[in-house]
Amino acid sequence: MIRFFEVGKHYPPAQTALADLSFEIERGEFVFLTGASGAGKSTLLKLIYREELPSVGQILVNGRSVASLPERKIPYLRRTIGIVFQSFRLIPRKTVFENVGYLPRIQGAGRGELERTVERALERVGLVGRERAYPRELSGGEQQRVALARAVVGEPEILLADEPTGNLDPRLSIEIVELLRSVRSELGTTIVMATHDHAAVRRFGGRVLTLSRGRLAADRSLEADPSQGVQESSDLAPNDAPGLSTTRDGASPDAVAADTRSDDQTGTEAER
Amino acid sequence: MTLLQAIGYFLVEAARSLLRAWRASAVAILTIALSIYVGSFVLLVTGNLIEATSAWQEDVRITVYLAETASEEDRRRVEQALAEPGWTGEIRRVSREEALQRFSRSFPRLSDLAASEDLALPESFEASLLVSADQEGLAVWRREIAALPGVEQVDDDREWLDSLAQLVGAIRSLGLVIGFGLLIAAAFTIASVVKLTAYLYLEEITVLRLVGATEFFIRGPFYMAGLLQGLAGGLIALVVLSLTRWSIAARAGDAFWRPLLVGDFLSPAAQAGLVLLAGSAGFAGAFVSLRRERLEAPSDP
């Protein structure tokens, strides 16, 4: 579904946001993307939805090279990718219905189809009945649900979530991750969630890609620990999570941990 | 999305954006209305003037005044010279008495003067000139008549009508140049307003891009807003011009310039042309203003 081959992203004059990234994410996988601030998580996601172009390497999404996609075809790639941000990015003067209905509208849905599609998306995130509300009338958790509904309204093949729980308390964070997991199980959507939410990653487990200084420091699977998830968020070091079962790239957990904890100056400056 | 759906969407979003920045939009609309008003006012006045000049040119006359000493032979030669080239219609001889009667009719307040022995109006020949008369030949012919014995003076209406036509042409050109200049200024105003409005929508544009909207879909509402501002300005200009005409008709009485405004209004084709011109200026302003803008919001923190 998503393949990175020796991908690098550099910004002039000499900042490296990502370097030598190679990994593969299968269809229907749920992958956590972790790393310190500035490690390159957002840049990696931007490369997938072609907000940024790689400086080197090859990225394939659904078998197609994203970098060589002509400008005019980018919108069609993005219609297959749902995106959720930490800041929600809802339009304040639009209702919930209008915020969620952007994609069906640009695809030319008639009134009836638009209503049905939006209703279905709102049902998925548990916001039926709030169609006419404005974002300012909603709580942070509800706003993120609206953003999630907007991301899944087109039943995308891929859902990218960039720190979706960053503005939420631990309880709401767990709700959002549970929603993402339900989207995955209902629609078979491949989900990549960049997060600092240590507790959420431990609670749900699964595949975790860890970035450090723009490099893939670890690619491993965590066992789920349902007892986790009530503490405040913190950076997740690659080897401090219980249940570490494997490292796909064979990196030494100690080395990875040291790398992640270090103050990643280069990456912090480079990440945009 | 079909083109019709897209146009419907553009209209709704353009109307919303115009309302959202209504003060700036109103300034842009009024600027374009002013330019179209100036242009259409000039077209209206000069159009009626040209119409009047044409009517007068169809009724143009040559008048040959005879000297007191003119003999019957001289009169015959003049009459023959007037008829010869075939450029004249009816040739009429106006006696001194008839000239005096006309003077009395035209200037009743000067009837005393007309009755006195001191006013001696000359005898004359009047001939209507045919529209097909050759201009250069006419000038030569006129000089030949003036040189005939017994001829005192030759007057030709064409001279001042030609001068008038040239003056009207110059006024029209100047007015249209001013109107066009104002239209360009209005297009720039619309360009600024559209750019300003687009920047108010950066957040929404970012979302539209993220969900997969094409640039056509993203920029369409702004181009439509420019077009609507132009069309609205054009329509307002025509309404105000019509009100001006109505107001002048009510107050001008029998003023000599009344027909210039109260005569024919602009033809439907000219009205449609002016409104379309205004719309095109608005669209062009919007297009130029956004052509090189990437319209990107700052990245997520």
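The values are calculated or read from the model by the stated rules, or taken from the named source; none is laboratory data. From a predicted model like this one, the values you see are computed outputs, not experimental measurements. Glycine gets a Cβ as well: all are built from the backbone with ideal geometry, and neighbour counts include every protein chain shown. Keep in mind that these areas ignore ligands, DNA and RNA; they rest on the heavy atoms of the full protein, side chains included. Shrake-Rupley method; radii C 1.70, N 1.55, O 1.52, S 1.80 Å.
Brief remarks on what is shown
- Top-ranked residue in the stretch A:105-128 [being touching a Leu at 6+ places or on another chain (Cβ under 9 Å) and either part of a helix (DSSP H, G or I) or open to solvent by 60 Å² or more (accessible area, probe 1.4 Å) (or both); ranked as farthest from the other protein chains (Cβ to nearest Cβ)]: A:VAL128
- Cβ-Cβ under 9 Å pairs, at least 6 apart or on other chains, the stretch A:25-45 side within 21 Å of A:GLY205 (Cβ to Cβ), far side open to solvent by less than 10 Å² (accessible area, probe 1.4 Å) and of a type in the set (Lys, Arg): A:LEU33/A:LYS41; A:THR34/A:LYS41; A:GLY35/A:LYS41
- Any hit, the stretch B:8-29, residues being in contact with a strand residue (DSSP E or B) (Cβ under 8 Å, 6 or more places away or on another chain), open to solvent by less than 80 Å² (accessible area, probe 1.4 Å) and not in a helix (DSSP H, G or I): no
- Residue in the stretch B:206-217 that is within 14 Å of chain A (Cβ to nearest Cβ), closer than 27 Å to B:LEU276 by Cβ, assigned to a helix (DSSP H, G or I) and open to solvent by 30 Å² or more (accessible area, probe 1.4 Å) present: yes
- Test: A:ALA17 is at pLDDT below 95 and part of a loop (DSSP other than H, G, I, E, B): no
- Checking each residue in the stretch A:89-101 for being open to solvent by 10 Å² or more (accessible area, probe 1.4 Å), under 17 Å from A:SER139 (Cβ atoms) and more than 10 Å from chain B (Cβ to nearest Cβ) picks out only A:THR95.
- Verdict on B:LEU4 being of a type outside the set (D, E, K, R) and away from every other protein chain (no Cβ under 14 Å): no
- Leading residue by the ranking (surrounded by the most Cβ atoms within 10 Å (Cβ to Cβ)) among those in the stretch A:150-160 that are aliphatic (A, V, I, L, M) and away from chain B (no Cβ under 12 Å): A:LEU159
- Within the stretch B:241-286, being within 14 Å of the chain's Cα centre (by Cα) and under 16 Å from B:ILE29 (Cβ atoms) holds for B:LEU241, B:LEU274.
- Residues in the stretch B:205-264 that are touching a Pro at 6+ places or on another chain (Cβ under 7 Å) and of a type in the set (Val, Ile, Thr): B:THR214 only.
- Tallying residues that are open to solvent by less than 20 Å² (accessible area, probe 1.4 Å) and within 12 Å of the chain's Cα centre (by Cα) within the stretch B:165-185 yields 3.
- Test: residue in the stretch B:31-38 that is part of a helix (DSSP H, G or I) and within 14 Å of chain A (Cβ to nearest Cβ): no
- Residue list for the stretch A:59-84, restricted to those being in contact with a strand residue (DSSP E or B) (Cβ under 8 Å, 6 or more places away or on another chain), at the interface with chain B (Cβ under 8 Å from one of its Cβ atoms) and either modelled with pLDDT under 90 or over 28 Å from A:LEU172 (Cα atoms) (or both): A:LEU77
- Enumeration of residues in the stretch B:267-295 that are loosely packed, with under 13 Cβ neighbours inside 10 Å and not in a helix (DSSP H, G or I): B:SER267, B:ARG292, B:ARG294
- Taken over the stretch B:186-205, the criterion of being open to solvent by less than 20 Å² (accessible area, probe 1.4 Å), within 11 Å of chain A (Cβ to nearest Cβ), in contact (Cβ under 8 Å) with a residue 12 or more places away in the chain and assigned to a helix (DSSP H, G or I) is satisfied by B:ILE205 alone.
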